[in-house]
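The values are calculated or read from the model by the stated rules, or taken from the named source; none is laboratory data. Since this is a predicted model, take the numbers as computed values, not measurements. Virtual Cβ from ideal backbone geometry, glycine too; neighbours counted across all protein chains shown.
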């Protein structure tokens, strides 16, 4: 940890709270479908639509990492079942994406990442489909890697390999930062990276997992921790 040159950083629940965002986006999409394609919502509750995603995941296991593909496929199936066809898919995705990218980053994120960007190569790494430009933080990162672009989701090594390549440093010069013990911390460790756990809620570390190289409460503490680990 004395020669870190690149930092790969998780997005959802690390830089913003994702669950209320997804809940709001799902609700907005359902309302929009009810307004413009009412047979879909007459035939399907919100829970029933979620079950459609389970069916699509079972039918396309090789695409489970690609949330956009999964959602588009569900929308297409809903449209055909209600005799609308799949012409609605693009517009429905635009409605969902607008709400999904309407996030409130935690207050420490922008100043912390702006300072870190001056000293390290920053790579955003996500299993989701966040649009950094729409969110307004694309200027804080040098590179962006998603499960969709990498062809695999965390904790698979493939996405971490893509992130390390994007960062341009060796494995031992790269640290991954994220909120999930298995998906982020253990995934990074298994791929050969250093790891730092963002534990905003004060949860105990899972006793069956090797501990991360460092723990912070939020991204604003990351620079201080990296400086301490350099000594």
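Annotations for the structure displayed:
- Counting only residues that are over 14 Å from residue 92 (Cα atoms) and surrounded by 15 or more Cβ atoms within 10 Å (Cβ to Cβ), region 26-45 holds 2 of them.
- From the list 223, 157, 165, the one residue that fits, being closer than 15 Å to residue 120 by Cβ and either under 21 Å from the mean Cα position of the chain (by Cα) or at pLDDT 95 or above (or both), is 223.
- Enumeration of residues in region 137-169 that are part of a loop (DSSP other than H, G, I, E, B) and over 21 Å from residue 113 (Cα atoms): 151, 152, 153, 154, 155, 156
- Residue 142 falls short on exactly one of the conditions (1) modelled with pLDDT of 95 or more; (2) surrounded by fewer than 17 Cβ atoms within 10 Å (Cβ to Cβ); (3) within 21 Å of residue 30 (Cα to Cα), and that condition is (3).
- Residues of region 4-34 that are out of contact with any helix residue (DSSP H, G or I) (no Cβ under 9 Å at 6 or more places or on another chain) and assigned to a helix (DSSP H, G or I): 19, 20, 23.
- Test: residue in region 111-123 that is at positive phi, surrounded by fewer than 17 Cβ atoms within 10 Å (Cβ to Cβ), modelled with pLDDT of 95 or more and not in a strand (DSSP E or B): no
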